[in-house]
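Read through the structure below, which is laid out as structure tokens, and then see the notes.
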Amino acid sequence: MSLLSARGLTRHFGGIRAVDGVDFDLEPGEIHALIGPNGAGKTTLVSLLSGRIPAQAGTITLAGEDITRLPAHARVRRGLAYTFQITSIFPGLTVFDNVALAVQGGRQPGALGPTVEAALARVGLQGMGAEVAGTLSYGHQRLLELAMGLALAPRVLILDEPTQGLAAGEIEGFKALVRGLVPQVAVLLIEHNMEVVMDLATRITVLTSGRVLARGTPAEIRADKAVQEAYLGA
Amino acid sequence: MGFGPFLLLALMEGLVTAAVLSLAAVGLSLVFGVMRVVNVAHGEFFMLGAVIAWFVAGLVPGPAWMAFLAALVLAPLVVGALAAAVDGLVLKRLNYDPEATIVATIGVMYMVQQAALSFYGPDARPVAAPFDWRFQLPWFGYSGYKLFVVAAAVAVLLAVWLGMTRTRAGLVMRATQVDRDVARAFGIDVERVYMGTFALGAGLAAMGAVLYVPISQAHYLMGHDPLLLSFIVVIIGGLGSLRGTLVAALVIGLSDGVISMFFSPTLAKILATLLVAMVLVFRPQGLFGAKA
Amino acid sequence: MRAWAVHLAVLAALLAAGLLLPGYHTTNLARILVLATFAAGYNLAFGYTGLLSLGHAMFFAAGMYAAALPAWHWGWPAAPALLAGTAGGALMALATGALALRTAGVSFMIVTLMFAQAFALAILYFNGWTGGDEGFVIPSASRHLFGTSLAADTPRFLAAWSLFALGLLLSLALVRSRFGRVMVALRENEERARMLGINPFAAKLKVLVISGAWSGAAGAAYALLFGYAGGSFAGIQYSILPMLYVLLGGAGTTLGAVLGAGLMFYLTEFASSVTSAWLFLVGLVLVVLVLFAPKGILGWVRARLWRELP
């Protein structure tokens with residue numbers, strides 16, 4: 001059974017069909033990349049999955065439970081975590097407080113101190129809990145964002161363009177980090193950097209104009225004629 | 001007097017209320033529409049207009065209509081200048097932040113109120129109407145000046161509407177309303193537009209007060225009700241929508257007239273304020289405004 | 001630990017001041033501490049959670065009337081009246097907050113203002129029962145707590161001080177708790193908080209109810225300690241005053257409310273001895289604060305001197 005599953009998901013903005021009857025499955029333990037040209041509906045699709053915008057039609061289930069009508073915060077509590085494309089932290093709070101908020105809101109709100117420190121250590125920010133988040137470097141803020149996602153103890157982690165703006169060395173570290181998350185967590189990744197996608201993903205879904213164009217392993221997607229025409233060859 | 005004439009009187013009173021309301025509210029609506037600033041001091045600009053009318057009446061000799069005309073010109077000018085100063089000294093420095101400007105205009109409200117108390121005093125004082133003509137209906141007599149207020153309100157609203165839709169200044173204001181950054185990119189001096197809009201809004205309130213004060217009295221706390229009612233009208237009509245403001249002024253004015261006549265003015269105000277809250281909660285674009 | 005020590009020291013200093021200074025200041029301090037309790041409740045909503053309400057007078061007045069009306073009509077004693085006032089403020093906040101919190105920002109300000117206005121008008125409308133604008137004097141039989149009359153200087157001060165101390169320590173515990181962290185998160189970035197599993201509506205409603213209970217307790221105490229309840233306490237000034245105190249002392253600081261209330265009180269006292277223009281001063285301070293010192297006094301201290309100031 002799929003961990004996260006969508007059927008016939010639809011969202012129109014005015015006359016534009018941002019997401020148009022998409023079926024989607026995320027299997028336990030996989031790293032699933034969502035790619036497609038700008039405006040293909042990637043961000044809208046994950047916004048529908050995470051509940052940031054309501055679906056106009058279709059259903060979403062998480063581990064068999066229908067979550068289509070649940071508000072975003074309730075989905076987070078059930079283990080569906082989302083990290084923002086544009087770094088979205090609490091700049092006025094300390095690093096510790098940022099992560100502690102995630103621990104409190106997540107699935108295992110236990111003892112704060114050790115859990116926060118563990119999440120920080122996992123992304124390489126150990127010992128920086130007392131810093132004010134807004135004073136961190138951009139790369140560190142991205143890592144903090146990721147630590148907040150992890151601290152939610154999610155079953156599904158949605159990463160929206162996580163490597164945007166990172167330096168080459170930071171990207172390597174990031175890839176190792178994401179690989180270390182599976183199989184406990186299933187990862188859904190929106191990513192523009194094709195090297196990262198081909199390197200990390202176990203499966204890929206290609207979207208264009210709000211519809212699924214193709215899906216398969218990285219090798220299959222590379223070989224797919226339609227994808228080459230529509231996207232990779234461009 | 002039977003029920004029918006009573007209702008007619010209530011509706012006529014309501015129409016006058018609607019006229020005064022739309023005069024008081026149109027400036028607030030304009031300021032909110034163009035600048036996105038909720039001006040809590042708007043009622044005090046109204047009050048200043050009435051107080052200036054009283055001072056002018058004491059200074060200008062001759063018949064009442066001369067003083068009235070002088071006040072009609074002077075009050076909007078003085079109050080508009082004051083508003084321009086408030087804009088330059090306070091609002092501009094806050095970068096027109098919506099919440100900060102509310103707090104700041106609350107401060108301005110208290111300062112103006114206190115200044116009026118100090119220089120004008122705590123008494124309510126009457127101002128003579130420019131003409132004294134009553135006409136007789138079969139059941140009751142009615143003040144001709146009140147009907148003049150209605151006509152004047154129609155004229156002022158028409159002028160504002162024409163100004164906004166047919167003149168270059170109106171075009172510039174509407175452009176700023178849609179997007180101030182784009183307007184700036186097109187070479188519009190947004191700060192001047194804001195200052196002008198704020199002064200215009202205050203001037204309209206003052207003019208409304210000059211028209212209103214002969215059927216009421218000038219008092220340093222008289223800004224409170226126009227502020228509240230303007231809020232009500234502007235919100236129910238849809239923030240920033242002139243036509244909505246007009247329709248809402250009619251609806252609120254007429255229902256206020258009827259409820260006040262048959263029940264109590266306080267009850268009318270309670271119902272109106274609750275209606276405003278409900279409109280903002282459930283229908284933020286207003287009852288009569290365009291879609292959000 | 002250091003934070004608790006500072007707060008206890010402030011409380012001890014206030015207690016000493018109230019007991020040692022002449023009676024005139026004892027009465028002033030009692031009034032300041034009750035108003036500071038009100039402002040502390042306001043601060044939880046505005047300073048910590050970012051809910052800029054213009055309608056807290058209705059919570060203050062709801063508490064005042066929930067305590068004063070039973071005392072007046074049915075002769076309730078002070079203790080149950082005080083509890084009724086606290087509950088009254090909380091219930092009023094629950095009812096209005098459930099609606100007002102569907103909006104945010106400027107709309108929230110106007111909705112709270114309108115609800116407060118409707119409540120103030122309702123007090124006038126039902127004047128047969130509420131005493132309307134003129135108000136009424138609380139029967140002195142109801143102004144006794146533990147056998148002591150609250151009308152005398154020292155017991156009145158002690159009652160006000162106890163209420164304030166309880167409120168201060170509770171709010172310190174609250175803002176340092178997990179929920180306190182959620183409050184600040186909602187102020188700083190609500191959308192992010194939502195995506196961390198926090199229900200913004202439920203959390204804000206909870207804050208508003210706590211804030212309403214605080215304000216209600218202050219309103220009830222005001223009526224019982226100073227012996228009078230009236231419609232003017234529901235007016236817009238009593239929504240502006242706590243905002244002014246909090247802005248002056250420092251929004252989002254536990255001690256800001258009492259600092260702002262005390263400073264403003266003695267500033268107006270001083271101004272009244274020079275001119276009668278105290279409203280002018282209130283307006284001027286508001287404008288100056290918004291323009292030049294939006295963080296207030298303790299906000300400045302926190303930024304420059306002591307970052308851990310709660």
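Test of understanding: among A:Arg78, A:Arg17, which residue is within 14 Å of chain C (Cβ to nearest Cβ) and basic (Lys, Arg)?
Details: A:Arg17 fails: within 14 Å of chain C (Cβ to nearest Cβ).
Answer to the selection: A:Arg78.
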When you scan region C:113-127, do you find a residue that is more than 23 Å from the chain's Cα centre (by Cα), within 14 Å of another protein chain (Cβ to nearest Cβ) and part of a helix (DSSP H, G or I), even just one? yes
Going through region A:56-69 one residue at a time, which ones are open to solvent by less than 60 Å² (accessible area, probe 1.4 Å), part of a loop (DSSP other than H, G, I, E, B) and closer than 21 Å to A:Ala18 by Cβ? A:Ile67, A:Thr68
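Conditions (1) at pLDDT 90 or above; (2) in contact with a helix residue (DSSP H, G or I) (Cβ under 8 Å, 6 or more places away or on another chain); (3) not polar (S, T, N, Q), marked per residue:
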site	(1), (2), (3)
A:Gly113	no, no, yes
A:Glu117	no, no, yes
A:Gly134	no, no, yes
A:Met148	yes, yes, yes
A:Pro162	no, yes, yes
A:Met198	no, yes, yes
A:Leu213	no, yes, yes
A:Val227	no, yes, yes
Among the residues of region B:109-137, count how many are facing another protein chain (nearest Cβ under 8 Å), touching a residue at least 24 places away in the same chain (Cβ under 8 Å) and surrounded by fewer than 19 Cβ atoms within 10 Å (Cβ to Cβ). 1
State which residue is nearest to B:Met278 (Cα to Cα) when the search covers only region C:86-112 and only residues that are more than 8 Å from every other protein chain (Cβ to nearest Cβ) and outside any helix (DSSP H, G or I). C:Leu101
If we scan region B:30-39, do we find a residue that is in contact with a helix residue (DSSP H, G or I) (Cβ under 6 Å, 6 or more places away or on another chain), open to solvent by less than 10 Å² (accessible area, probe 1.4 Å), among the polar types (S, T, N, Q) and part of a helix (DSSP H, G or I)? no
Odd one out for C:Thr26 among (1) modelled with pLDDT of 90 or more; (2) within 12 Å of C:Leu158 (Cβ to Cβ): (1)
Does C:Ala16 satisfy the condition of being open to solvent by 10 Å² or more (accessible area, probe 1.4 Å) and in a helix (DSSP H, G or I)? yes
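Residue by residue, here is whether (1) open to solvent by 20 Å² or more (accessible area, probe 1.4 Å); (2) in contact with a strand residue (DSSP E or B) (Cβ under 9 Å, 6 or more places away or on another chain); (3) part of a helix (DSSP H, G or I); (4) away from every other protein chain (no Cβ under 14 Å) holds:
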position: B:Phe198; (1), (2), (3), (4): no, no, yes, yes
position: B:Tyr220; (1), (2), (3), (4): yes, no, no, no
position: B:Ala248; (1), (2), (3), (4): no, no, yes, yes
position: B:Gly253; (1), (2), (3), (4): no, no, yes, yes
position: B:Gly257; (1), (2), (3), (4): no, no, yes, yes
position: B:Ser260; (1), (2), (3), (4): yes, no, yes, no
position: B:Thr273; (1), (2), (3), (4): no, no, yes, no
Can you say whether C:Val301 is open to solvent by 20 Å² or more (accessible area, probe 1.4 Å), more than 11 Å from chain B (Cβ to nearest Cβ) and in contact (Cβ under 8 Å) with a residue 12 or more places away in the chain, as far as the supplied structure shows? yes
Quick check: anything in region C:182-201 at pLDDT 85 or above, more than 10 Å from chain A (Cβ to nearest Cβ) and closer than 20 Å to C:Ala221 by Cβ? no
Failed criterion for B:Ala64 (all others in (1) among the small types (Gly, Ala, Ser); (2) in contact with an Asp or Glu (Cβ under 9 Å, 6 or more places away or on another chain); (3) surrounded by fewer than 16 Cβ atoms within 10 Å (Cβ to Cβ) hold): (3)
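For region C:166-181, indicate whether the set of residues that are in a loop (DSSP other than H, G, I, E, B) and in contact with a Leu (Cβ under 7 Å, 6 or more places away or on another chain) is non-empty.
Going through region C:166-181, the residues in a loop (DSSP other than H, G, I, E, B) turn out to be C:176-177.
When the remaining residues are screened for being in contact with a Leu (Cβ under 7 Å, 6 or more places away or on another chain), the result is none.
Within region C:166-181, not a single residue is in a loop (DSSP other than H, G, I, E, B) and in contact with a Leu (Cβ under 7 Å, 6 or more places away or on another chain).
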Given the options C:Ala68, C:Ala79, name the one that is in contact (Cβ under 8 Å) with a residue 60 or more places away in the chain, surrounded by 22 or more Cβ atoms within 10 Å (Cβ to Cβ), farther than 30 Å from B:Leu280 by Cβ and more than 14 Å from chain B (Cβ to nearest Cβ). C:Ala68
If you take the residues in region B:94-108 that are out of contact with any Lys or Arg (no Cβ under 8 Å at 6 or more places or on another chain) and more than 7 Å from every other protein chain (Cβ to nearest Cβ), which one is nearest to C:Phe280 (Cα to Cα)? B:Thr105
Filtered residue count, region C:237-289, keeping only those that are under 21 Å from C:Thr49 (Cα atoms), among the hydrophobic types (A, V, I, L, M, F, W, C) and under 18 Å from the mean Cα position of the chain (by Cα): 14
How about region A:199-234: which of its residues are surrounded by 15 or more Cβ atoms within 10 Å (Cβ to Cβ) and of a type in the set (A, V, I, L, M, F, W, C)? A:Leu200, A:Ala201, A:Ile204, A:Val206, A:Leu207, A:Val212, A:Leu213, A:Ala214, A:Ile221, A:Val227, A:Ala230
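In the list C:Gly250, C:Gly219, C:Gly256, which residue meets the criterion of being crowded, with 21+ Cβ neighbours inside 10 Å, more than 9 Å from every other protein chain (Cβ to nearest Cβ) and on the phi > 0 side of the Ramachandran plot? Write out each step before concluding.
Working: C:Gly219 fails: on the phi > 0 side of the Ramachandran plot; C:Gly256 fails: on the phi > 0 side of the Ramachandran plot.
Being crowded, with 21+ Cβ neighbours inside 10 Å, more than 9 Å from every other protein chain (Cβ to nearest Cβ) and on the phi > 0 side of the Ramachandran plot holds for just one of C:Gly250, C:Gly219, C:Gly256, which is C:Gly250.
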Being of a type outside the set (D, E, K, R), in contact with a Gly (Cβ under 8 Å, 6 or more places away or on another chain), more than 30 Å from C:Gly252 (Cα to Cα) and modelled with pLDDT under 85, is that true of even one residue in region C:151-165? yes
How many residues are farther than 21 Å from B:Gly223 by Cα and open to solvent by less than 40 Å² (accessible area, probe 1.4 Å) if we restrict to region B:91-108? 3
Restricting to region B:1-29, what's the tally of residues that are surrounded by fewer than 24 Cβ atoms within 10 Å (Cβ to Cβ), assigned to a helix (DSSP H, G or I) and hydrophobic (A, V, I, L, M, F, W, C)? 10
Out of all the residues in region C:206-215, is one or more in contact (Cβ under 8 Å) with a residue 12 or more places away in the chain, open to solvent by less than 30 Å² (accessible area, probe 1.4 Å), part of a strand (DSSP E or B) and away from every other protein chain (no Cβ under 14 Å)? no
Sole exception among (1) in contact with a strand residue (DSSP E or B) (Cβ under 8 Å, 6 or more places away or on another chain); (2) not in a helix (DSSP H, G or I) for B:Gly62, by number: (1)
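The values are calculated or read from the model by the stated rules, or taken from the named source; none is laboratory data. Bear in mind that the values here come from a model prediction, so they are computed numbers and not experimental data. Note: ideal-geometry Cβ built from the backbone for every residue, glycine included; neighbour counts use all protein chains shown. Heavy atoms of the whole protein, side chains included, go into the accessibility calculation; ligands, DNA and RNA do not. Shrake-Rupley method; radii C 1.70, N 1.55, O 1.52, S 1.80 Å.
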